[in-house]
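The values are calculated or read from the model by the stated rules, or taken from the named source; none is laboratory data. Because the structure is a prediction, the values reported are computed rather than measured. Virtual Cβ from ideal backbone geometry, glycine too; neighbours counted across all protein chains shown.
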Amino acid sequence: MPHITTTSAQPTAELFYQDNNPEGTAGTVVLIHGWPLSQFMFEPQVWALTEAGYRVVAYDRRGFGSSAFVQGGYDYDTFAADLKDLLETLDLTDVDLVGFSMGGGELGRYVGRYGTDRVRSLTFMSSVFPYMLKTDDNPNGVPKSTFEDMKAGIKDDRPAFMESFGKQFVNYDKLSDRVSEPLLHFHWGIATGAQPKAIVDCVDAFGMTDLRPDAAKIDVPALFIHGDDDQIVPFETSAQTGSELVAGSRVLTVEGGPHGLNLTHTDEVNEALLSFLKDPQNATVGEPARQLETA
């Protein structure tokens, strides 16, 4: 299996990746998966992108999927360094980065630390960017107790937690006609196969990390795709706030979309993504983001 060995942060790790359609001429897309899954969650997007002529590199975050189960480095500084090592090792340039949920944090922190020399565009899909935690200056965020409860549930009965989380991921109570039970089980298997320490440590990473300062460094076209019925990452604290902070960004609000909208609203998501990637500088996907008012 293809791996790269990270070098920029300790402890180092071997990251598994798949290079789909390496001879593609439409451009290069790098997919960064959500918690607690692997790059296989992007299967519906890989089909659409490769059939449109893109080279698609999808990798597993350290501690997840087929990447190394190391005992540390489950923070956004390390994840951004891992992404840097991947891009440099494979010598990828003019890249379109797509980050789902937790993967959106990698996009923000990568640009914040390393800039956009290798980056053509950013797509934040159901993303946790820029800050999930509810604080006085982030009133639409998620209470800290929610993240503490998540960690406790994982430690108490991880398989049961993942089964419940998987249904919430796609709003299964409302959208069971769009997601099969075998697909839920497939993702349950991916989630339960991740390293327990990685799963727990990542809750602090995506729940507590303030990525708002990184937003000011984003100087490439950015698209936020988010469902208005996301029960895991609230639209208001993520896509709405993030897009307000990123100058010139655009927002596609998927009506009735849950967190896992790439699975439940696949056609709409893929069409939007392909439209944006075709010409990010002049994209008309969704609506222009509101900009924060300054005093």
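Here is a yes/no grid of residues against (1) modelled with pLDDT of 95 or more; (2) within 24 Å of GLU43 (Cβ to Cβ); (3) aliphatic (A, V, I, L, M); (4) crowded, with 20+ Cβ neighbours inside 10 Å:
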{"residue": "PHE235", "(1), (2), (3), (4)": "yes, no, no, yes"}
{"residue": "VAL246", "(1), (2), (3), (4)": "yes, no, yes, yes"}
{"residue": "ARG250", "(1), (2), (3), (4)": "yes, no, no, yes"}
{"residue": "GLY257", "(1), (2), (3), (4)": "yes, yes, no, yes"}
{"residue": "THR264", "(1), (2), (3), (4)": "yes, yes, no, yes"}
{"residue": "VAL269", "(1), (2), (3), (4)": "yes, yes, yes, yes"}
{"residue": "SER275", "(1), (2), (3), (4)": "yes, yes, no, no"}
{"residue": "GLN291", "(1), (2), (3), (4)": "no, no, no, no"}
{"residue": "ALA295", "(1), (2), (3), (4)": "no, no, yes, no"}
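Mind checking whether some residue in region 184-198 is out of contact with any Asp or Glu (no Cβ under 8 Å at 6 or more places or on another chain), closer than 12 Å to MET41 by Cβ and of a type in the set (Phe, Trp, Tyr)?
Yes, region 184-198 has at least one match.
For VAL98, indicate whether it is in a helix (DSSP H, G or I), of a type in the set (Val, Ile, Thr) and closer than 27 Å to ASP204 by Cα.
Here the answer is no, as VAL98 does not meet what is asked.
Quick check on this structure: which one of THR12, THR28 is at pLDDT 95 or above and in a strand (DSSP E or B)?
Matching residue, one of THR12, THR28: THR28.
Given region 143-245, what helices (runs of 4 or more DSSP H) lie entirely inside it while holding 1 or more residues that are closer than 14 Å to SER127 by Cβ?
196-208, 212-215, 241-245
Starting from region 176-194, keep only residues that are in contact (Cβ under 8 Å) with a residue 40 or more places away in the chain and within 19 Å of MET102 (Cα to Cα), then list their pairs with residues that are aliphatic (A, V, I, L, M) and assigned to a helix (DSSP H, G or I) whose Cβ atoms are within a distance under 6 Å, requiring at least 6 positions of separation or different chains.
Hits for this filter: ALA191/MET162.
With out of contact with any Lys or Arg (no Cβ under 7 Å at 6 or more places or on another chain), hydroxyl-bearing (Ser, Thr, Tyr), over 23 Å from ARG109 (Cα atoms) and in contact (Cβ under 8 Å) with a residue 24 or more places away in the chain as the only criterion, which of THR266, THR241 stands out?
Checking each option against the conditions leaves just THR266.
Output the residues belonging to region 158-175 that are without any contact (Cβ under 8 Å) to a residue 24 or more places away in the chain and surrounded by 11 or more Cβ atoms within 10 Å (Cβ to Cβ).
Listed by number, the residues that qualify are ALA160, PHE161, SER164, LYS167, TYR172.
Looking for whichever is over 30 Å from GLU163 (Cβ atoms), of a type in the set (Lys, Arg), without any contact (Cβ under 8 Å) to a residue 40 or more places away in the chain and part of a strand (DSSP E or B) here; the options are ARG120, ARG55. Which one fits?
Checking each option against the conditions leaves just ARG55.
When you scan region 72-80, do you find a residue that is touching a residue at least 40 places away in the same chain (Cβ under 8 Å), assigned to a loop (DSSP other than H, G, I, E, B), polar (S, T, N, Q) and out of contact with any Cys (no Cβ under 6 Å at 6 or more places or on another chain), even just one?
No, region 72-80 has no match at all.
Any idea which of PHE206, PHE235, PHE224 is closer than 30 Å to GLY53 by Cβ and not basic (Lys, Arg)?
After applying the criteria, what remains is PHE224.
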